[in-house]
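Trainee: Okay, here's the structure, questions in a sec.
The values are calculated or read from the model by the stated rules, or taken from the named source; none is laboratory data. Keep in mind it's a predicted model, so treat the numbers as computed, not measured. In this analysis, Cβ positions are derived from the backbone assuming ideal geometry, glycine residues included, and neighbour counts consider all displayed protein chains.
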């Protein structure tokens, strides 16, 4: 059911009880979210709705349903690994806005410019 519900008694709590406003406030505090009263009310209802839906799904009898990882049958598309002509390095680098010693030069995005 829920990854943090490890025993049956604990799982039953999530199915039968709705999430409370103080629980939402506690989770918001742990997530370092500063929610006002209106947002707490909104998220309490929204999360309760999500958990209710999860409880409805959990209540379904799926004993005859085979587990699956994808709803459609998938298969790998295989092809022969054939060596082909590569692009000429000098020709490709000639089209680049800037190159240096056989490599593309691009703007630095991490740290100071080098």
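Trainee: Can you spot a residue in region 84-97 that is in contact with a strand residue (DSSP E or B) (Cβ under 9 Å, 6 or more places away or on another chain), surrounded by 10 or more Cβ atoms within 10 Å (Cβ to Cβ) and outside any helix (DSSP H, G or I)?
Mentor: For region 84-97, residues in contact with a strand residue (DSSP E or B) (Cβ under 9 Å, 6 or more places away or on another chain), surrounded by 10 or more Cβ atoms within 10 Å (Cβ to Cβ) and outside any helix (DSSP H, G or I): present.
Trainee: Hey, another quick one. For residues in region 25-37 being surrounded by 10 or more Cβ atoms within 10 Å (Cβ to Cβ) and not in a helix (DSSP H, G or I), which is nearest to the chain's Cα centre (by Cα)?
Mentor: Here the residue is 33.
Trainee: Still on this model: Would you check if residue 69 is surrounded by fewer than 10 Cβ atoms within 10 Å (Cβ to Cβ), part of a loop (DSSP other than H, G, I, E, B) and modelled with pLDDT of 90 or more?
Mentor: no
Trainee: Considering (1) part of a helix (DSSP H, G or I); (2) exposed (fewer than 10 other Cβ atoms within 10 Å of the Cβ), say which one residue 40 fails and leave the rest.
Mentor: Unmet condition: (2).
Trainee: For the condition loosely packed, with under 10 Cβ neighbours inside 10 Å, farther than 30 Å from residue 19 by Cα and touching a helix residue (DSSP H, G or I) at 6+ places or on another chain (Cβ under 9 Å), what is the one hit in 102, 111, 75?
Mentor: 102
Trainee: Please specify each residue of region 55-66 satisfying the condition of being part of a helix (DSSP H, G or I) and without any contact (Cβ under 8 Å) to a residue 12 or more places away in the chain.
Mentor: Once the filter is applied, which keeps residues that are part of a helix (DSSP H, G or I) and without any contact (Cβ under 8 Å) to a residue 12 or more places away in the chain, region 55-66 yields 56, 57.
Trainee: Separate question: Return a yes/no flag: does region 56-64 have any residue that is in contact with a helix residue (DSSP H, G or I) (Cβ under 8 Å, 6 or more places away or on another chain), surrounded by 12 or more Cβ atoms within 10 Å (Cβ to Cβ) and either at negative phi or at pLDDT 95 or above (or both).
Mentor: yes
Trainee: Can you give me the number of residues within region 3-24 that are out of contact with any helix residue (DSSP H, G or I) (no Cβ under 6 Å at 6 or more places or on another chain) and either surrounded by 13 or more Cβ atoms within 10 Å (Cβ to Cβ) or at pLDDT 90 or above (or both)?
Mentor: Of the residues in region 3-24, 5 are out of contact with any helix residue (DSSP H, G or I) (no Cβ under 6 Å at 6 or more places or on another chain) and either surrounded by 13 or more Cβ atoms within 10 Å (Cβ to Cβ) or at pLDDT 90 or above (or both).
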